[in-house]
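The values are calculated or read from the model by the stated rules, or taken from the named source; none is laboratory data. Everything numeric here is computed off the predicted structure, so don't read it as measured data. Cβ atoms come from the backbone with ideal geometry, glycine included; neighbour counts cover every protein chain shown.
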Amino acid sequence: MKSTAGRPELTDTQPAKRLRVLIADDEPIIRLDLRKMLEDLGYDVVAEAGDGMKALEAARTLEPDVAILDIKMPQMDGIDAAKLITEEKIAPVLLLTAYSQVDLVCRAKEAGVFSYLVKPFKEADLVPAIEIAMSRWQEFLELEKQARDLEDKLETRKSVDRAKGILMDQYGLKEQEAFRRIQVQSMNTRKSMREIAEAIIIAHNI
């Protein structure tokens, strides 16, 4: 049995999984303090950046589980970087700010920021803020998936309806018979009904 001497014990505030975190702030001392807090809590800081552009590049390259960005940074501010990170569906963004102006809060919401902390903050504030960001991110991804699935179902239905009409006209089939023919072809070829329907439509248009 291996000795556990010298190993830090997990506490109630430490995450069950070592989440990979990107941090960005133009002040090195803030990044140093933030890194120490995160590592003490059991997180894995995979990259640091001193401006928004480098933060975006690091996010694209490393695909962290969460990005913690300061608002006021050179090259590109944290809100603009957060907008691109969110649009590209890389990771949830937790924003650090010493500001509480309404316009910044509105910009942050529009950019898709999922959580934020007002400076100065304590180590104990980090875990709840990160958990909120992660939870909202999962909800966002699920809604995106549902929207894509719904769109795909609508497109599939339109294609199948059109293909059924073609088969009914060409072969004098009833609607249910035409649908069954598409369904059987889908199973036999291991292709989706949408693919079969679109093939019928293309063949009809040649």
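Take region 111-131 and flag every residue that is in contact with a Pro (Cβ under 9 Å, 6 or more places away or on another chain) and either among the hydrophobic types (A, V, I, L, M, F, W, C) or outside the structural domain of Asp70 (by TED's automatic domain parsing) (or both).
The answer is Val113, Phe114, Val127, Ile130, Glu131.
Being part of a loop (DSSP other than H, G, I, E, B), crowded, with 19+ Cβ neighbours inside 10 Å and either in contact (Cβ under 8 Å) with a residue 60 or more places away in the chain or of a type in the set (D, E, K, R) (or both) is the filter here; which residues of region 52-76 pass it?
Asp65
Kindly indicate which of Val127, Val105 is assigned to a helix (DSSP H, G or I), at pLDDT below 80 and either in contact with a strand residue (DSSP E or B) (Cβ under 8 Å, 6 or more places away or on another chain) or of a type in the set (A, V, I, L, M, F, W, C) (or both).
On the way: Val127 fails: at pLDDT below 80.
None of the other options fit; the residue is Val105.
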